[in-house]
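Below is one structure, written out as structure tokens; comments come after it.
The values are calculated or read from the model by the stated rules, or taken from the named source; none is laboratory data. Owing to the predicted nature of the structure, the values given are computational and were not obtained by experimental measurement. Here the Cβ is made from the backbone with ideal geometry for all residues, glycine too, and neighbour counts use every protein chain on show.
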Amino acid sequence: MKNNNQEQEHQSPAAQAFTQTFFHGTKADLKPGDLITTGYQSNFVDKKLKHIYLSATLHAAIWGAELASGSGPERIYLVEATGPLEDDPNVTDKKFPGNPTMSYRSTHPFRVIGEVKLWESHSPEQVNTMKAGIEKLKQEGIMAIEE
């Protein structure tokens with residue numbers, strides 16, 4: 001019996017093209033083949049994270065890019081998981097029951113396979129409102145990331 005890696009090695013490029021891909025919004029400047037790993041500063045709390053986050057929806061990745069810390073341009077990458085994923089407990093069944101944002105996390109790296117170059121930003125008013133809400137939660141000590 002073949003394991004999953006052996007099956008992927010023997011699949012044609014066309015079959016591999018249908019592997020599940022995900023989105024990761026950030027301000028980091030990455031290239032295809034780069035790995036996104038754990039240990040970077042959170043955009044929402046003052047600590048380094050044990051997990052990395054992605055989404056199967058472009059909408060959630062757009063928010064990730066727009067809310068990302070840093071000074072670079074907002075970017076959205078197509079990524080593939082290199083290990084198991086789990087539902088993001090910070091979103092699933094807390095803010096959006098049933099995980100309609102299809103948000104996940106992992107302790108395993110994500111491999112960048114491309115960049116989404118054309119996407120529509122939220123309005124500046126929407127982004128400012130979201131950032132103000134996050135800042136208010138931080139000041140109230142409510143903003144926490146379940147790690």
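Annotations
- Applying the condition of being at pLDDT below 90 and among the hydroxyl-bearing types (Ser, Thr, Tyr) to segment 47-78 and asking which residue is surrounded by the most Cβ atoms within 10 Å (Cβ to Cβ) yields SER69.
- All positions within segment 42-74 that are among the basic types (Lys, Arg) and assigned to a loop (DSSP other than H, G, I, E, B): LYS47, LYS50
- For segment 79-92, a residue qualifies if it is assigned to a strand (DSSP E or B) and either of a type in the set (Asp, Glu) or surrounded by fewer than 18 Cβ atoms within 10 Å (Cβ to Cβ) (or both), and the qualifying residues are GLU80, GLU86, ASP87.
- Residues within segment 93-140 that are among the basic types (Lys, Arg), at pLDDT 90 or above and assigned to a loop (DSSP other than H, G, I, E, B), tallied: 1
- Qualifying residue in segment 111-122 (condition: surrounded by 12 or more Cβ atoms within 10 Å (Cβ to Cβ) and either basic (Lys, Arg) or farther than 18 Å from LYS27 by Cα (or both)): yes
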